[in-house]
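Here is the structure we will look at, set down as structure tokens.
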Amino acid sequence: SEVTAFLKKKGFPSDDRFIEKFVGYDLAPSNYSKSILEALERSHQHKEAADLSRVQVEHIMPQTLSDAWKQDLGDDAERIYAKWLHTPGNLTLSAYNPEMRNNPFEIKRDEYQRSNVVLNRKLSNYQEWGEKQIQERGRKLAQRATKVWPGPPFE
């Protein structure tokens, strides 16, 4: 169609290109981070959806790396932190930000498991949290985003 041709000409990304860029995008500093995460949460369409009125954007790998987090992330901790801190795969929604703080992932995972927020409950399936897990979760969120905000069909 003419619309598809126009969008392609303007550089509208295919799903594959969108997913690739979304996974590594610094979402947290943007004005849209909470809205995007809320839309992804609502896309699960539960009959008893979580109340999102009091949630904030939470960094799973925290904004301040404790010694425990550095140890868990390994020798590459500083690089992983710099590259993945603000990306979608490392972000979630929580009303318990002050309580979560810089806690190790094992403690956060227990809290996520009790959460009414689906994005959090899915985090409880991970045994550890590092670069590979952030990328994997980012890819899953990106794939969901292509269903929430579908682009034009590309050949």
_Go through the stretch 125-155 and report how many residues are open to solvent by less than 30 Å² (accessible area, probe 1.4 Å) and among the β-branched types (Val, Ile, Thr)._
2
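Output the number of residues of the stretch 54-69 satisfying the condition of being aliphatic (A, V, I, L, M) and part of a helix (DSSP H, G or I).
The initial filter retains those residues of the stretch 54-69 that are aliphatic (A, V, I, L, M), namely 55, 57, 60-61, 65, 68.
Remaining after also requiring part of a helix (DSSP H, G or I): 68.
Residues that pass the stated criteria total 1.
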*asked:* Which numbered condition in (1) at pLDDT below 95; (2) at negative phi is the only one that Arg101 fails?
replied: (2)
_Residues of the stretch 1-30 classified as surrounded by fewer than 14 Cβ atoms within 10 Å (Cβ to Cβ) and of a type in the set (Val, Ile, Thr), total_ = 1
_Only listed residue being acidic (Asp, Glu) and part of a loop (DSSP other than H, G, I, E, B), chosen from Asp51, Asp72_ = Asp51
*Of all residues in the stretch 75-119, count the ones that are open to solvent by less than 10 Å² (accessible area, probe 1.4 Å) and small (Gly, Ala, Ser).*
3
*Please enumerate the residues belonging to the stretch 31-73 that are farther than 18 Å from Lys108 by Cβ and either open to solvent by less than 20 Å² (accessible area, probe 1.4 Å) or in contact with a helix residue (DSSP H, G or I) (Cβ under 8 Å, 6 or more places away or on another chain) (or both).*
Ser33, Ile36, Ala39, Leu40, Ser43, His44, His46, Ala49, Leu52
*So is Lys122 of a type in the set (Lys, Arg), open to solvent by 20 Å² or more (accessible area, probe 1.4 Å), under 27 Å from Asp15 (Cα atoms) and without any contact (Cβ under 8 Å) to a residue 40 or more places away in the chain or not?*
yes
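The values are calculated or read from the model by the stated rules, or taken from the named source; none is laboratory data. If you're wondering where the values come from, they're calculated on a predicted model, not measured in any experiment. Please note: Cβ atoms are built from the backbone with ideal geometry, for glycine as well, and neighbour counts cover all protein chains shown. When the accessible area is computed, the model is the full protein with side chains, heavy atoms only, and any ligands, DNA or RNA have been set aside. Shrake-Rupley method; radii C 1.70, N 1.55, O 1.52, S 1.80 Å.
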